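Following: one structure in structure tokens, then a few remarks.
The values are calculated or read from the model by the stated rules, or taken from the named source; none is laboratory data. No experiment lies behind these values; they were computed from the predicted model shown. Here the Cβ is made from the backbone with ideal geometry for all residues, glycine too, and neighbour counts use every protein chain on show. With ligands, DNA and RNA removed, areas are computed over all heavy atoms of the protein, side chains included. Shrake-Rupley method; radii C 1.70, N 1.55, O 1.52, S 1.80 Å.
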Amino acid sequence: MSAIEDARETNKNSLQKQTIDTTDLNGAQLPRDLYERFIERQQRDAELLSMVRVEDLPRLEMGVPKIGVPELSGDVRAEGGEDATGTSDAATGSVEFNATDQSYYIQYDLKRDSVKNAITNEDSVAEVILSHFEKAWGNDVQNIGINAGRSGSGLPATFNDTFDGWISIAEGNDTDSTRIGTGEEADASTMPSYDHADGGGSAQPVNTTLFNNMIQTVPERYRDPDDLVFLTSKSQVQSYAYRLTEREDALGVAALLGDNDVTPFEYDVMGVSYWPDDAMMLVNPQNLAYGLFTEVEMTQLTNTDKTMERRLHSRNLIEGQFDYQIEELQAGALGTNIAAPSLA
């Protein structure tokens, strides 16, 4: 099973179909069963979100303890010699989730005509509303998780000021955690990185050199093609696959016919919606984490001036708090200065 398939299987939705009605959607907090459904189903249509590790956050601020393992933890002793007099203390740290002041909401106005024309009962109304929120939330969480806080994110400034996504964390923008690393790196607070620019500082296209050097950038203890995946934009995957078709050999023919996935040096390459063209990450998707505070709130308004004026069945709002993390920054590599994909 590939790294991509394995990560998705880990997060596979196992919920049985359940009946809900509109009374379930109007309260201070989603009931536990609906929270579990919400957090799992939002992953269905977001390809990266379906692979990352999802954490329930019972508190807004939570630390995940980490114990470091150096390359050598012990020492040798001669036959009959005495035990070492020194002590060996494990390096400890923590990876911190902090969703305080990181509130996010989505509003959905359901029109009366939509209910009349397409929805037959209140159970169906509730299903439509919750399903809309599940898809919209998953879409937004993936976009924010990739781009928030990074250089040139393209998101509104308020998003960058509120959240730090996975690329931003890889760049070193996680000031809350105490990173241990392997004990060999100069800075454990950033992910190992590879600059793909040429000697003149110009960004270079996705090529074999990029894949090789990113693999070489990951510390050897973490290199495993069964675990690590190259994450990049869908356009970069298509552009690279197209260039492979121009090769006059078996690999070019296989790429043209779509017989083989793109797997440089046996590592999978995955195109992800909203991933920037100029960056790539080699990482185990389960090393990326998304934490959602358990107190997700949903409000439904029906008989108000606004709903009457706009002929709405209801005005619905969902709000929650979440954060992102990378469990072990040293177990991956961030590639930068990658040229935009070219058209044929």
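A few notes on this one:
- Entry comment: accessible area of region 103-191 is 46 Å² per residue, from protein heavy atoms only and a probe of 1.4 Å.
- Under Karplus coefficients 6.51, -1.76 and 1.60, residue-wise ³J(HN,Hα) of region 154-166 in Hz, glycine/proline x: x, 8, x, 4, 5, 5, 5, 6, 9, 10, 10, x, 5
- Backbone N under 16 Å from the Thr175 label point (7 Å along Cα→Cβ), restricted to region 140-154: 149-150
- Shown are Arg44, Arg223, whose ranking by accessible area with a 1.4 Å probe and every protein chain present, most to least, is Arg44, Arg223.
- In the assembled protein chains, Asp101 presents an accessible area of approximately 130 Å² (probe radius 1.4 Å).
- For region 301-307, putting each phi into the Karplus relation 6.51 cos²θ - 1.76 cosθ + 1.60 with θ = phi - 60° gives couplings of 10, 10, 9, 10, 4, 5, 5 Hz, in residue order, rounded to whole numbers and with x for Gly and Pro.
- Estimated FRET transfer efficiency when R0 is 30 angstrom, pair Arg44-Glu246 (beta carbons, to 0.05): 0.25
- Working note: Karplus 6.51/-1.76/1.60 with θ = phi - 60° gives region 219-224 the couplings x, 4, 5, 9, 7, 7 Hz, where Gly and Pro are set to x.
- Extension gain (nm, one decimal) between Glu266 and Ala203, 0.36 nm per residue minus Cα-Cα: 20.2 nm
- Per residue accessible area of region 254-344, 1.4 Å probe, in Å²: 42
- Chain lengthening between Thr302 and Glu79 when straightened (0.36 nm per residue, less Cα-Cα): 72.1 nm
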